[in-house]
Amino acid sequence: MEVKIHVDDKSRLIDSRTNTEVKILFYDISGYSSYKQVVICSIGVFLFYIIYGYLQELIFTLHGSHAFGWYLTLVQFAFYSIFGFIELALQGKTGERQVSLKVYSLWAFLSLGTMGFSNTSLEHLNYPTQVMFKSCKLIPVMIGSIIILKKKYTVIDYSAVLLMCLGLTLFTLADSRLSPRFSVVGVVMISCALLCDAVIGNVQEKVFKAQSPPMSEVVLYSYSIGFFILLTVMTVSGSLVRGILVVPNVFYLYASLFSLSGYLGLQIVLTLVKTSGALSAVTITTCRKAVSILLSFIFFAKPFTFQYLWGGSLIVIAIYLNVLSKSNKELIRYLQHMPQQILSHMRPLSRERKNILATVPLSNCEAQEVV
């Protein structure tokens, strides 16, 4: 499940923390201190997403299910649709819809690409390598923004992308040498998933700014439409029948728990962003990914090399550079103007120039991250 984190205006962030009811899985935690809210959310994120990652890798170790990543995606979309309907029913909003079916159809198509290619890539890649690729969505997002939107980025953003590329290169080279399952096809698939994820981020941002639909509505319509699209394609191709006949019965148990943990994990991450901001959420989710990778090496036997560690470290540093560059413009601008501040102590400046340096405009902007 993809999570989009937005850092809005500071005053709005403060209002949301103090005046809005905060719930975690329908349990109101508004009365708890900020520290306790973060601790509760962090435990939930670790619990559900570690289970999510473990089950995802476990499913692809089952006999007969290793070649049915798209079938797993179909089952996952079915469960998400059910969960979305149940949540809407509990809210009493099943008869309402704020976004057009045309937009949800596009959303469903992109979600299919994101989750389908991601699941199927595990047929050809180790789970740790897949997680590293999924953490590097900044690369296609930045390339697309430069080409399509003519957007300009700072040196820090370019440095983050460079570190991500180096980290992915180290991780992929290590995987190609050590993993018996490694295939370039897996790299292509996870890259396609990242491209779809980069596009869906822009679609989501536009929709949420214009209409602000409830997340349960988004889940219900986008995943149910995606389910029927994928069901039609798999029926025509014959892969649906092959999936039903080949996968073992325990596959459905694992797939249901896999979907449930992902859905609940998403709700908690959104609550975490609401209560503590994007930077804290990114810190916690990044630590969760590190723990998931560690557990992957422990529970699922695979060769290890320190090249994995170096590559992963570069990617983690890149993630934080990107988040800091977007959520801490004050710090970035201070560092950019530090040489001028130093020179101001070495030679006299006119009053006008001093005023300019003292009133550097500070702006707030959005940061985005997919768990």
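No lab work stands behind these numbers, since they all come straight from the coordinates. All values derive from a computational prediction rather than experimental measurement. In this analysis, Cβ positions are derived from the backbone assuming ideal geometry, glycine residues included, and neighbour counts consider all displayed protein chains.
Working value for the stretch 200-277: equivalent-ellipsoid semi-axes of 31, 19, 8 Å, each the square root of 5 times a Cα gyration tensor eigenvalue, largest first. Sites listed here are GluC sites (Glu not before Pro) in the stretch 75-127 whose DSSP assignment is loop and whose Cβ has at most 11 other Cβ atoms within 10 Å: 96. Hydrodynamic analysis of the stretch 235-284 uses the Kirkwood radius over alpha carbon pairs. Inserted into Stokes-Einstein at 25 °C and 0.890 mPa s, it gives a translational diffusion coefficient of 181 µm²/s.
Rounded, prolate or oblate for the stretch 195-235? Axes are the square roots of the Cα gyration tensor eigenvalues, ordered a ≥ b ≥ c, and the cut-off for rounded is a/c under 1.5. Taking the square roots of the gyration eigenvalues as a ≥ b ≥ c, the stretch 195-235 is oblate.
Shape summary of the stretch 69-204, radius of gyration then Dmax from alpha carbon positions: 17.7, 54 Å.
Shape verdict for the stretch 102-180, please, from the Cα gyration tensor: rounded (a/c under 1.5), prolate (a/b greater than b/c) or oblate. It is oblate, given that a/c is not under 1.5 and a/b is not larger than b/c.
Using every pair of distinct Cα positions in the stretch 156-307, the Kirkwood expression returns a hydrodynamic radius of 19.4 angstrom. Using a simple spin-label model with pseudo-atoms 7 Å out from Cα toward Cβ, residue 26 and residue 212 lie 2.5 nm apart. Pairs exceeding a 24 Å alpha-carbon distance, out of 36/137; 134/206; 36/209: 36/137; 36/209.
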